[in-house]
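Novice: Below you'll find the structure I mean.
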Amino acid sequence: MSKVSDEKLAESWHELMGRYNQLTCRLDRELGAQHDLSSSEFEVLQLLHNAKEQVRMAYLAEEVHLSQSALSRLVTRLENDGLVCRNTCTDDRRAQWTGITPAGRERYKAARPTHRKILREEAGDCAQLAAGVLMPASR
């Protein structure tokens, strides 16, 4: 890779990370103000809503890119708010299943339009930016 190409890659990466941070801050601010959810809490509710059944905590941690301990704290907050429920796995007592409650499903459905609106407004050209960062790596 040439020096110019490396510089362009670094610039694209910096811009992409800046856009991601800007988007996450806006999601946290507006989802918090309007729906009392953080962007990570919304992501967990979205995964559980789309799963149609309970999922293991390890799966959630992998999908939302949080450590097990950070996810456990987040799920505890959602559980305390009555938005999710946890059950111990009968096959493996160390594992826990997590599912969305009816209240969690309602909160997710109420917050989804806000989330999608922000994505449309903030992330419109991020796919092109990401392609500029990811494509050189595959060459």
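The values are calculated or read from the model by the stated rules, or taken from the named source; none is laboratory data. Model, not experiment: these values are computed from the prediction. Cβ coordinates were reconstructed from backbone atoms using ideal geometry, including for glycine residues, and neighbour counts include every protein chain displayed.
Novice: Arg105 versus (1) over 24 Å from Ala33 (Cα atoms); (2) of a type in the set (Lys, Arg); (3) surrounded by 12 or more Cβ atoms within 10 Å (Cβ to Cβ): which is the lone unmet condition?
Specialist: The number of the failed condition is (1).
Novice: Regarding Glu7, is this residue at pLDDT 95 or above and either over 30 Å from Arg105 (Cα atoms) or of a type in the set (D, E, K, R) (or both)?
Specialist: Details: at pLDDT 95 or above: no; either over 30 Å from Arg105 (Cα atoms) or of a type in the set (D, E, K, R) (or both): yes.
Spelling it out, it is not the case that Glu7 is at pLDDT 95 or above and either over 30 Å from Arg105 (Cα atoms) or of a type in the set (D, E, K, R) (or both).
Novice: Scan segment 37-61 residue by residue and report those that are farther than 20 Å from Ala111 by Cα, free of Cβ contacts under 8 Å to residues at least 40 places away in the same chain and hydrophobic (A, V, I, L, M, F, W, C). Give the steps one after another, and end with the answer.
Specialist: As a first pass, look at segment 37-61 and keep what is farther than 20 Å from Ala111 by Cα: 53-59, 61.
With free of Cβ contacts under 8 Å to residues at least 40 places away in the same chain added as a condition, the list becomes 58-59, 61.
Of everything in segment 37-61, those that are farther than 20 Å from Ala111 by Cα, free of Cβ contacts under 8 Å to residues at least 40 places away in the same chain and hydrophobic (A, V, I, L, M, F, W, C) turn out to be Ala58, Ala61.
Residue-by-condition table, conditions (1) farther than 17 Å from Leu119 by Cβ; (2) at pLDDT below 95:
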{"position": "Leu16", "(1), (2)": "no, yes"}
{"position": "His49", "(1), (2)": "no, no"}
{"position": "Val55", "(1), (2)": "yes, yes"}
{"position": "Arg107", "(1), (2)": "yes, no"}
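Novice: Out of all the residues in segment 100-124, which are out of contact with any His (no Cβ under 6 Å at 6 or more places or on another chain) and not in a helix (DSSP H, G or I)?
Specialist: Thr101, Ala123, Gly124
Novice: Working only within segment 81-119, note down all residues that are of a type in the set (S, T, N, Q) and more than 20 Å from Gln54 (Cα to Cα). Talk me through it step by step, then tell me what you get.
Specialist: Residues of segment 81-119 that are of a type in the set (S, T, N, Q), as a first pass: 87-88, 90, 96, 98, 101, 114.
If the condition is that a residue be of a type in the set (S, T, N, Q) and more than 20 Å from Gln54 (Cα to Cα), then Thr114 is the only one that fits.
Novice: Right, another one. Return the pair list, or none, for Cβ contacts closer than 7 Å from residues in segment 111-125 that are modelled with pLDDT of 95 or more to residues that are among the aromatic types (Phe, Trp, Tyr), at least 6 apart or on different chains.
Specialist: Pairs found: Ala111/Phe42; His115/Phe42.
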